[in-house]
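Structure first, commentary second.
The values are calculated or read from the model by the stated rules, or taken from the named source; none is laboratory data. Predicted model only: the values in this text are computed from it and were never measured. Here the Cβ positions follow ideal geometry from the backbone for every residue, glycine too, while neighbour counts run over all protein chains shown. The accessibility values were calculated without ligands, DNA or RNA, using every heavy atom of the protein model including side chains. Shrake-Rupley method; radii C 1.70, N 1.55, O 1.52, S 1.80 Å.
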Amino acid sequence: MTERLQSPAEVSSLDYRLDSYARLLRSVRAAGYEFGSFEDGRPAAGEILLRHDVDLSLDRALAMAERERDLGVRSTYCVLLSAPAYDLTRPRNVRVLQRIADLGHDLALHFDTHRYWSTDADPGAAVIEAKVADELDVLSRLVGETPSTASFHIPPEWVLDRSFESFTNTYAPTFFDEIGYRSDSSQKWRSVEPFGGGLPNRLQLLVHPGLWHADGRPMAEIVSERRKRCHSRVDEYFDPMSEAAEQ
Ligand SMILES: [Zn+2]
């Protein structure tokens, strides 16, 4: 039995299974949309910039990247250099990034301002650009490419609708205020229509790969499991030292 493909505007909710994500992409494709790249600047009419902020898991990112490749969809994966959730100094993880790039996707930086500055104080363009350039340089060395795009993790107000000279900000007006913007943040599409009111003519679509699984797991469970994994890595490292100190 083949199920009729809904138009994007008809999709009322999503269960965060990877299969449902693939169906959403197919319906967007069937509605005539093309998938573009931030590197080409402002999207053309009928073009979607699909962005992934990798907050929780590189393996989930790879699973999504493979599914997109099967559908002929191109997207941009933004990775954190400093997240406790995954360690980009592990050769295995670097190979995962290279695999995502080999699948035809763009790699970009996911930059965490909160590591450097408080949320209410704008440090100024030159200071922000210097730190982003440092991290882009490290990412370039890891992946052997030179990414020039950055998305901000839990963005403070002062990076929204702002352009920078030395890198492409995914929240610059060209990609944010001047076009449509939709996101799957906090698994809100469980209860909110992804494209209520129809699909905008030009769109940036943010999807977090860590929120999508084969069996559609709830976000609280995912976050709790990832947190436990991080804690156990910290414990494995420090426990022998604590034991030695107690003897
Ligand atoms: Zn993030």
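For the chain, the equivalent ellipsoid derived from the alpha-carbon gyration tensor has semi-axes of 31, 24, 17 Å in decreasing order.
Only alpha carbons enter this Debye calculation for the range 34-126, each as an equal point scatterer, and the log10 of I(q)/I(0) it gives at q = 0.13 Å⁻¹ is -0.52. Counted over the chain, the DSSP beta bridges are approximately 0% antiparallel. With the cut-off at under 16 Å, measuring from each backbone N in the range 170-202 to a point 7 Å along the Cα-to-Cβ line of ALA220 picks out 186-188, 190-191. Taking the longest Cα principal axis of the chain as reference, the axis of helix 125-143 is set at about 90 degrees. Looking at the chain, the accessible area is 50 square angstrom per residue; that uses a 1.4 Å probe and ignores ligands, DNA and RNA.
For the range 16-57, the Kirkwood estimate of hydrodynamic radius, built from reciprocal distances between every pair of different alpha carbons, is 11.8 Å. Over the range 82-218, the hull volume per residue, using the convex hull of the C-alpha atoms, is 149 Å³.
Calculated FRET efficiency, TYR237 to ARG92, Cβ-Cβ distance, R0 = 25 Å: about 0.90 to the nearest 0.05. Taking amide hydrogens as placed 1.01 Å from N in the peptide plane, the amide H of PHE164 sits under 5 Å from those of ASN169, each at least 5 positions away in sequence or on another chain.
As I understand it, the value is the acute angle between the Cα axis of helix 18-30 and the longest principal axis of the Cα atoms of the chain; what does it come to in degrees, rounded to 10? The two axes meet at around 40 degrees. Compared with the direct C-alpha span, the chain from GLU193 to ASP177 gains 3.7 nm at full extension, assuming 0.36 nm per residue.
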